[in-house]
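Worksheet: the structure to be examined is printed underneath.
The values are calculated or read from the model by the stated rules, or taken from the named source; none is laboratory data. Quick caveat, the model's predicted, so the values are computed rather than measured. Ideal geometry is used to build each Cβ from the backbone, glycine not excepted, and the neighbour counts take in all protein chains shown.
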Amino acid sequence: MNLEKQIKTVVDAIDELKGEDIVTLNVMAQSVDMEAIIIATGRSVQHVRGIVNNIKIEAKKLNMTPLGIEGEEFGEWALIDLGEVVAHIMIDKTRDFYKLEKLWSIEDDEN
């Protein structure tokens, strides 16, 4: 399955459960293990768990098997690794603290 289809599946699964502030980052240049990171915010621990569960359901429909799921039991930050695509679903305060978008962005430090 192509990367765009995988990304769309995950983004649609997040959007279906009203995940907020969905960001997709192309990390091909920074990582050999994955090609895209999707970051989204859940309104509560239960909401994060629900979003992760919906990603699992929608991924399974397309024979996308998670390689790993971390943090689902706690719900403040859950990660679902689908191989080329990794989704991070977090509550707002956790997302604000870790700032993954900034961590994975490419900055030109030479100027």
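What to note about this one:
- Contacts under 7 angstrom Cβ, first residue in the range 26-40 being within 17 Å of A78 (Cβ to Cβ), partner of a type outside the set (V, I, T) and modelled with pLDDT under 85, 6 or more apart: I37/W104
- Against the list (1) out of contact with any Asp or Glu (no Cβ under 6 Å at 6 or more places or on another chain); (2) outside any loop (DSSP other than H, G, I, E, B); (3) surrounded by 15 or more Cβ atoms within 10 Å (Cβ to Cβ), the condition E72 fails is (2).
- Qualifying residue in the range 45-53 (condition: assigned to a helix (DSSP H, G or I), charged (D, E, K, R) and modelled with pLDDT of 95 or more): yes
- Where I55 falls short, out of the listed (1) among the β-branched types (V, I, T); (2) over 23 Å from S105 (Cα atoms); (3) surrounded by fewer than 19 Cβ atoms within 10 Å (Cβ to Cβ): (3)
- Output for the range 14-44, where each listed residue is part of a strand (DSSP E or B), within 18 Å of R95 (Cα to Cα) and among the polar types (S, T, N, Q): T24, T41
- Of all the residues in the range 37-69, those that are charged (D, E, K, R), touching an Asp or Glu at 6+ places or on another chain (Cβ under 8 Å) and over 15 Å from I22 (Cβ atoms) number 1.
- Matching residues in the range 54-69 - criterion: being within 14 Å of the chain's Cα centre (by Cα) and not in a helix (DSSP H, G or I): P66, L67, G68, I69
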